[in-house]
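The values are calculated or read from the model by the stated rules, or taken from the named source; none is laboratory data. Worth saying up front: this structure is predicted, and the values here are computed from it rather than measured. Positions of Cβ are backbone-derived with ideal geometry, glycine not excepted, and every protein chain shown enters the neighbour counts.
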Amino acid sequence: MSLVELIDVNKEFKSGEETIRPLDGIHLTVEEGDFVSLMGASGSGKSTLLNLVAGIDEVNSGHILVGGTDITQLSRGKLADWRAANVGYVFQTHNLIPVLTAYENVELPLLLLPMSAVERRKRVEVALAAVDLTNRAQHYPRQMSGGQEQRVGIARAIVANPTIVVADEPTGSLDDDTTEQILTLLQRVNHELGMTLLMVTHDADAAARATRILHLERGQLLENGQPIMPRALRTA
Amino acid sequence: MFTLVPYIVKSLWRHRTRSLLTISGAGVALLVFCFVGSVQHGLFALTENQEAGQTLIVFQENRFCPQSSKLPQDYARTLAKQPGIADVLPIMVFTNNCRASLDAIVFQGMPTDQLKKWREIELESGSWDGFARQDDAALVGHAVAARRNLATGDKFTIGDITVVVAGIFSSSSAAEEGLIYTHLDFLQRARGQSDVGLVTQLEVHLTDGADPDVVAAAIDAEFHAGPVATTTRTKGMFQADTLADLAELIGFIHWLGYACVGLVLSLVATTTVMSVQDRIKEHAVLQTLGFRPFKIFRLVVTESMLLSTIGGGLGVICGMVFLAWSGMSVAAEGVTIAFRPSWDIAIQGAIASVAVGLLAGVAPAWQAARTEIVPALRHA
């Protein structure tokens, strides 16, 4: 069974009188341990697709199964619980909580899980060590560079050992050197921790770090230039 | 929720000027709330207690100010023989100001043995012997002593009357602590010989089971044809009638107390709304991490309650300390309403603070909890 499965997913928005359909009957399967990058033009709907998989946006129709759970059927509260246990989200603009230290930011997702304080501390220390920021644990976001903030964001995304890590243009606001560091870090998260990654990017070099590269064009998902077919048709 | 306390406190500290202004506003409002409450409490204690209904005050008919009521002292002996009456206290009252005043001094002169018997007072300093030995000795209520900075052994003058402080007393009745007791004959002679043999009022203590209305009617009937006609009422009614104008004013100012609570509500609600609007994106991030909408709701309500409770709590504490320290009272026509701190007022203030914080937080918390994540993440 695939880790993530999108079945005939549709998403549309109203823009005045016009209906925009960025996702038009999308099918996708992601296996455990995959590092998938999703490319496409601005406004093509790649972030929308990422948000749907992360459970922070709702489909108009279709199903999204993650680890066997159809998240399109969950209530708002249950979906929040599901996100806490299964999703690590890396934002383009880091989105750290400014009043909390790096340590406290990384600890936040763990506060939602049944876990002792000792276990929490251990996990936060491991996560901060993984992004090489142990010495910055007590620093506030305003005291860190953009690259360091993004590394804290990655530590926050992986600390709860989620089913899938999604990253929305994680290097979009960083310089070349820092972009290289962050992409290397994401690759390590995939290789060394075995975490499944879905990354949105419009940078071809960044996308090349992934094990699979998908393109979203006119509401359709393409892999190697071909539309991705429903699983049933592929097996037939 | 306790694990999120650092986040809540740091969020309030992030806009510390705004938070501190809100806390100080809530504090001042609750201080006024406590002050208003203590005024009402003082009036209620004066007119509604048990003694107020079972003790009668005999006053000269159609007289209101104690300076103008003059009853023959021997009325007391006549009354003592009437059925339903246990004891009669002849009392001379002198006040430096018959009108409503925040610094009126009220002297009551009465026989020492009856003073000890009928007044629940306890000497904090000085002695009963010292009081009994000296004609111009006075026992000064704790509140007056605090207000006028008097100590045992001091000599002070109010109007025509000069007394020596023989003791400072406290009492379970706050109004008592606003009085000065002297010997009856001293007060009768203090302003010349014209008042010898006269008293301002007679305080009648009833036997168990006696009907106050029946006894009061009998007293007035007894003296109707005498040299001075009387008006007799229960002590509670006498005090309520004497303070009628003030009571009306006090009845009105209780709206001020409600206004203070309303002020805290709007102040805390405004601050919380601003805080939520500043953090639309932050709440969306928390939801992305897995915070349930209800948890966001509770975070915002807790912030609001913290602001209100800290401010209100400080206001209540300051109010109680001020009331205890100041010994303030208002007197009119010889009757004193004492403003005293009480647990009732403190608890009401604390409950009001918490409840207002809860109410003020509900609307902004609902707004924060209902935030759509994706549009909010795009929020600048």
* How many residues, within segment A:80-112, are free of Cβ contacts under 8 Å to residues at least 40 places away in the same chain and more than 9 Å from chain B (Cβ to nearest Cβ)? -> 2
* (1) farther than 23 Å from B:GLY53 by Cα; (2) small (Gly, Ala, Ser); (3) assigned to a loop (DSSP other than H, G, I, E, B): which one isn't true of B:ALA210, the others all being true? -> (1)
* Do the conditions hold for A:ASN190, that is, is it at positive phi and not charged (D, E, K, R)? -> no
* **Options B:GLY262, B:GLY327: the member that is away from chain A (no Cβ under 14 Å), of a type in the set (Gly, Ala, Ser) and buried (at least 18 other Cβ atoms within 10 Å of the Cβ)** => B:GLY327
* In segment A:65-77, is there at least one residue being within 14 Å of chain B (Cβ to nearest Cβ), in a helix (DSSP H, G or I) and at pLDDT 95 or above? -> yes
* Structure fact -> Scanning segment B:50-76 for residues that are at pLDDT 85 or above, over 11 Å from B:PHE223 (Cβ atoms) and part of a helix (DSSP H, G or I) gives B:ALA76
* Asked: Is there a residue being more than 8 Å from chain B (Cβ to nearest Cβ), buried (at least 19 other Cβ atoms within 10 Å of the Cβ), of a type in the set (Val, Ile, Thr) and in a helix (DSSP H, G or I) anywhere in segment A:116-135?
  -> yes
* Which residues, taken from segment A:22-74, are hydrophobic (A, V, I, L, M, F, W, C) and surrounded by fewer than 17 Cβ atoms within 10 Å (Cβ to Cβ)? -> A:ALA41, A:LEU74
* To do: Mind telling me which of the residues B:ALA269, B:ALA166 ends up being surrounded by 18 or more Cβ atoms within 10 Å (Cβ to Cβ) and in a helix (DSSP H, G or I)?
  => B:ALA269
* Look at segment B:22-47 and say how many of its residues are farther than 16 Å from B:THR309 by Cβ and surrounded by fewer than 16 Cβ atoms within 10 Å (Cβ to Cβ). => 1
* Quick check, is B:ILE310 away from chain A (no Cβ under 14 Å), at negative phi, more than 18 Å from the chain's Cα centre (by Cα) and surrounded by fewer than 22 Cβ atoms within 10 Å (Cβ to Cβ)? -> yes
* Structure fact -> Of (1) assigned to a helix (DSSP H, G or I); (2) touching a Phe, Trp or Tyr at 6+ places or on another chain (Cβ under 9 Å); (3) exposed (fewer than 13 other Cβ atoms within 10 Å of the Cβ), B:GLY251 fails just (2)
* Matching residues in segment A:78-113 - criterion: being in a loop (DSSP other than H, G, I, E, B) and in contact with a strand residue (DSSP E or B) (Cβ under 8 Å, 6 or more places away or on another chain) -> A:PHE91, A:GLN92
* Given the conditions (1) surrounded by 12 or more Cβ atoms within 10 Å (Cβ to Cβ); (2) free of Cβ contacts under 8 Å to residues at least 60 places away in the same chain, report the number of the one that A:ASN224 does not fulfil. => (1)
* Can you tell me which residue within segment B:169-190, out of those that are touching a residue at least 60 places away in the same chain (Cβ under 8 Å) and part of a loop (DSSP other than H, G, I, E, B), is farthest from B:GLY109 (Cα to Cα)? => B:SER173
* Criterion violated by A:ALA41 - all others in (1) within 9 Å of another protein chain (Cβ to nearest Cβ); (2) modelled with pLDDT under 95 satisfied -> (1)
* If you check B:THR336 against the conditions, is it over 32 Å from the mean Cα position of the chain (by Cα) and touching a residue at least 12 places away in the same chain (Cβ under 8 Å)? -> no
* What pairs come up if the first residue lies in segment B:71-87 and is more than 16 Å from B:VAL199 (Cα to Cα) and in contact (Cβ under 8 Å) with a residue 40 or more places away in the chain, the second is in a helix (DSSP H, G or I) and among the small types (Gly, Ala, Ser), and their beta carbons are under 7 Å apart, counting only those six or more places apart or on different chains? -> B:GLN82/B:ALA218
* Is segment A:174-190 home to any residue that is in a loop (DSSP other than H, G, I, E, B) and at pLDDT below 95? -> yes
* Give the residues of segment B:278-293 that are acidic (Asp, Glu) and either crowded, with 22+ Cβ neighbours inside 10 Å or at the interface with chain A (Cβ under 7 Å from one of its Cβ atoms) (or both), sorted by residue number. => B:GLU282
* Structure fact -> If we ask which residues in segment B:3-36 are under 30 Å from A:THR101 (Cβ atoms), more than 10 Å from every other protein chain (Cβ to nearest Cβ) and of a type in the set (Phe, Trp, Tyr), their number turns out to be 0
* Structure fact -> When every residue in segment B:134-163 that is modelled with pLDDT under 90 and surrounded by fewer than 14 Cβ atoms within 10 Å (Cβ to Cβ) is compared, the one farthest from B:CYS98 (Cα to Cα) is B:ASN149
* **Verdict on B:ARG292 being under 25 Å from A:GLY55 (Cβ atoms), among the charged types (D, E, K, R) and in contact (Cβ under 8 Å) with a residue 12 or more places away in the chain** => no
* Structure fact -> How many residues of segment B:214-225 are out of contact with any helix residue (DSSP H, G or I) (no Cβ under 7 Å at 6 or more places or on another chain) and at pLDDT 90 or above? The answer is 7
* **Single condition A:GLU17 does not satisfy, out of (1) under 20 Å from A:ILE213 (Cα atoms); (2) out of contact with any helix residue (DSSP H, G or I) (no Cβ under 8 Å at 6 or more places or on another chain); (3) charged (D, E, K, R)** => (1)
* Tally of residues being closer than 19 Å to A:ARG120 by Cα and of a type in the set (Lys, Arg) across segment A:63-109 -> 1
